[in-house]
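K.L.:
What follows is a single structure, and I will ask about it in a moment.
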Amino acid sequence: AAAGEGLLLRSVGRSVGRAVGRWSACWARDAAGRAVCGAMGAVPCCSKQTLLCSALLWLLISLGFLGLAVFGLTAEEGPFLVPPDTIYIGLVGMAGLWVLVSGAGVVSRLAHTEVCLVFFIVMTFFTIIITVGGSAFLLLFANEKGTFASLDEQAGNAQINAESDFFEWATAPGSEQAWIDIQNQLECCGYDFDTIFTEFTLTTGDRCVINGAATFFDDFDCGQGPGVNVAGCEQQTRAAFNLADDFFCKDKIVLFIQEQTPFFAAGFGFLVLLQVTAWFAAFRMYWVPYGLGGFMGDDSDAMLPTAGGGGGGGGDDDGFQARRRRGRRGKQRAQARQGGGLGLGGQR
């Protein structure tokens, strides 16, 4: 198994290396300053290699994200148990869509399949919109920034449902020790103050032990009953024990997301840039003539694929250049005939 994984990684590495090398060749120039991109021309060549590189990199990122989501869904211990399965299922669906779309882009480039290219162009366009809108909304919501009232309400309801699923898991038989281990690993106490204050069925970890007491509530009492101001009690408790802002697990997770927001934004920005680059290259290739390796039909017989040379950009470089040379010779003959006709007309 290890040998098979190593062989697969080497194969992927060679493919990526060849694609990057061909893409960099688009910008190479000879001693005279002329582009040496081959017979197809700089724009089609760079569009083809940019499509392959960007779609392939997007595919690798999507596969990694999909693997992480599946691991979290199937994890049996650790902090991955805190989010409910519904969140992981949504992440698996989103990553699966990315894999499908980016895979279509790679196939359309390697197999020169127009159906895959059209599917890639259409789906990437919607994926860009969803990625930009969704990531912006999630980052704003995590930083407690309001957007649209209806969306904020739906996100708040989703958070309540996720917390309910978590409480159901944390109080289920057999989950008590797992929840304690998660608190100890994250170095936090309970889910939040309100939960510890009102729900005594949730267990607490070692961080909640203060002055040798089972919980800090054993050393401090700000009242009980329905008339107690929980928010005021939390302020008194934090002041009495000098609790840090990330003392409770929910606060620790929220503060971590807020502190890492620039990095999350940079990651989403890079992904969107990758998607836009792939979409633009694919859209450009759709309008490139078939004889130049694109998908636009061409009436010139010299530009069409031959039986021995493959189709358009799908054949080898030698066959493609030969077809390109035949196209140039046909164009030169047409220009010569046109020039000769004008010459005869002038003599007459």
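K.L.:
Pairs please, first residue from region 106-119 and crowded, with 21+ Cβ neighbours inside 10 Å, second anywhere and in a helix (DSSP H, G or I) and among the basic types (Lys, Arg), Cβ atoms under 9 Å, 6+ apart in sequence or on different chains.
P.N.:
Correct list of pairs: 109/48; 117/109.
K.L.:
How many residues are open to solvent by 30 Å² or more (accessible area, probe 1.4 Å) and not hydrophobic (A, V, I, L, M, F, W, C) if we restrict to region 124-133?
P.N.:
Count: 1.
K.L.:
For region 54-95: of the residues being touching a residue at least 12 places away in the same chain (Cβ under 8 Å) and not in a helix (DSSP H, G or I), which is most open to solvent (accessible area, probe 1.4 Å)?
P.N.:
Applying the filter and picking the extreme gives 77.
K.L.:
Go through region 145-173 and give me each residue that's part of a loop (DSSP other than H, G, I, E, B) and within 22 Å of residue 189 (Cβ to Cβ).
P.N.:
Looking only at region 145-173, we keep the residues that are part of a loop (DSSP other than H, G, I, E, B), and these are 145-148, 171-173.
Within region 145-173, 171, 172 meet the criteria.
K.L.:
State which residue is nearest to the chain's Cα centre (by Cα) when the search covers only region 164-174 and only residues that are without any contact (Cβ under 8 Å) to a residue 24 or more places away in the chain and within 14 Å of residue 84 (Cβ to Cβ).
P.N.:
Restricting to residues being without any contact (Cβ under 8 Å) to a residue 24 or more places away in the chain and within 14 Å of residue 84 (Cβ to Cβ), the top hit is 164.
K.L.:
Still on this structure, I have one more. Could you check how many residues of region 96-114 are in a helix (DSSP H, G or I), modelled with pLDDT under 90 and out of contact with any Phe, Trp or Tyr (no Cβ under 6 Å at 6 or more places or on another chain)?
P.N.:
2
K.L.:
Please pick out the residue among 187, 199 that is modelled with pLDDT of 85 or more and either of a type outside the set (Lys, Arg) or open to solvent by 60 Å² or more (accessible area, probe 1.4 Å) (or both). Let's see the steps before the verdict.
P.N.:
Working: 199 fails: modelled with pLDDT of 85 or more.
Of the residues listed, the single one that is modelled with pLDDT of 85 or more and either of a type outside the set (Lys, Arg) or open to solvent by 60 Å² or more (accessible area, probe 1.4 Å) (or both) is 187.
K.L.:
Taking region 134-184, which residues are loosely packed, with under 11 Cβ neighbours inside 10 Å and acidic (Asp, Glu)?
P.N.:
Those that are loosely packed, with under 11 Cβ neighbours inside 10 Å and acidic (Asp, Glu): 144, 153.
The values are calculated or read from the model by the stated rules, or taken from the named source; none is laboratory data. Just so you know, these numbers come straight off a predicted model, no measurement behind them. Backbone-built Cβ (ideal geometry, glycine too); neighbour counts: all protein chains shown. To get the accessible areas, we keep the full protein, side chains included, count just its heavy atoms, and leave off ligands, DNA and RNA. Shrake-Rupley method; radii C 1.70, N 1.55, O 1.52, S 1.80 Å.
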